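Heads up, the thing below is written out as structure tokens.
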Amino acid sequence: MSSFPRTPRTQRGAIVAVDPFNPVASLVVFQYNPDTMTRTLTPQMSGDGGNDRTEALRLAGPPVENIRVDVEIDATDQLANGDPIAGSLGIYPQLSSLEMLIYPKSAQVILNAVLMQVGTLEVVPATAPMTLFIWGPKRVLPVKLTEFTITEEAFDPNLNPIRAKVSLGLRVLSYNDLPLLHPGYALFLTHQVVKEAMAVVGSISGVANASLPR
């Protein structure tokens with residue numbers, strides 16, 4: 001028996017749309033975690049473009065953060081194991097779960113059409129559910145999808161996709177974007193507090209390493 005401890009099980013990333021009316025269809029756990037994740041942070045400075053030198057370093061809020069991940073979905077293992085859903089539908093259900101994050105609910109569309117027909121003066125547009133990008137316990141972020149590209153690479157005899165790559169562009173929603181009582185407000189604020197704690201750990205570690213003899 002090997003004396004090495006067991007390799008810890010890697011947590012899977014996920015995208016979850018908090019929808020109390022359809023909770024199952026709003027959960028997308030990554031089959032394979034993306035190999036890379038690109039994060040772009042744009043600082044929000046209140047003095048940008050102004051002539052007041054006292055405002056040059058004043059922050060207007062947290063940076064605008066955009067995330068890009070490429071997700072792979074493959075039904076090969078499920079087909080080899082005789083999975084009936086993969087055998088009859090391929091990965092169409094998994095792709096549909098992702099796509100429904102940016103569709104209004106059909107029931108809302110029908111209701112709005114009926115209201116317009118009966119002469120309702122103001123029809124409220126459908127509201128997307130709160131979408132969360134989950135990347136480990138330290139990063140649970142409210143986001144909205146800004147870009148969505150699907151490349152279907154293989155198909156079964158019924159033309160159901162059985163392998164695809166999905167490129168997702170996500171914009172993190174901060175407390176500057178959400179009302180105070182929205183759950184996403186508290187989630188982002190918690191994320192920032194955790195990040196501040198990690199920064200302290202990194203600073204202490206950096207000072208300790210700098211003092212070591214070389």
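The values are calculated or read from the model by the stated rules, or taken from the named source; none is laboratory data. Bear in mind that the values here come from a model prediction, so they are computed numbers and not experimental data. Methodologically, a virtual Cβ is constructed for each residue, glycine included, from the backbone with ideal geometry; neighbour enumeration extends over all protein chains shown. All accessible areas refer to the heavy atoms of the entire protein, side chains included, with ligands and DNA or RNA removed. Shrake-Rupley method; radii C 1.70, N 1.55, O 1.52, S 1.80 Å.
Only the Cβ atoms of Lys and Arg (+1) and of Asp and Glu (-1) were treated as charged; on that basis the dipole of the chain about its Cα centre amounts to roughly 780 debye.
The GluC sites (Glu not before Pro) of the range 34-141 that DSSP puts in a loop, and whose beta carbon has at most 13 other beta carbons within 10 Å, are Glu122. Listed by chain and number, the lysines whose C-alpha is less than 17 Å from the C-alpha of Lys144, apart from same-chain residues fewer than 8 away, are Lys105. Spin-label model, Val200 to Ala128: label points 7 Å out along the Cα-to-beta-carbon direction sit 3.5 nm apart. For Phe148, Phe155, Phe30, the ranking by accessible surface with the largest value first comes to Phe155, Phe148, Phe30, using a 1.4 Å probe. Quick one: grab the alpha carbon gyration tensor of the chain, order the square roots of its eigenvalues as a ≥ b ≥ c, and give me rounded if a/c is under 1.5, else prolate or oblate depending on whether a/b is larger than b/c. Taking the square roots of the gyration eigenvalues as a ≥ b ≥ c, the chain is oblate. In this view, the solvent-accessible surface of Asp35, computed with a 1.4 Å probe and all protein chains in place, comes to about 150 Å². Using 0.36 nm per residue and subtracting the Cα-Cα separation, the extra length available between Val64 and Leu181 on full extension is 40.1 nm. Given springs between every Cα pair under 10 Å in a Gaussian network model of the chain, which of Ala113, Ala60, Ala197 has the largest fluctuation? Of the options given, Ala113 has the highest mean-square fluctuation.
For Met130, nonlocal amide neighbours, meaning residues 5 or more places apart or on other chains whose placed amide H falls under 5 Å from its own, are Val18.
For the chain, the solvent-accessible area of protein heavy atoms averages 69 Å² per residue (probe radius 1.4 Å; ligands and nucleic acids excluded).
Taken as entire DSSP H runs, the helices of the chain that both span 18 Å or more between Cα atoms along their own long axis and average 0.0 or more on the Kyte-Doolittle scale are 183-210. Between Asn81 and Met37, the FRET efficiency from the beta-carbon distance, with R0 = 41 Å, is close to 0.90. Going by accessible surface with a 1.4 Å probe and the largest first, Tyr185, Tyr32 read Tyr32, Tyr185.
Using a ≥ b ≥ c from the Cα gyration tensor of the range 146-211 (square roots of the eigenvalues), is it rounded, prolate or oblate, where a/c under 1.5 gives rounded and otherwise the larger of a/b and b/c decides, a/b for prolate? The shape class here is oblate. Among the protein heavy atoms of the range 97-183, carbon and sulfur supply 61% of the accessible surface, probe 1.4 Å, non-protein parts ignored.
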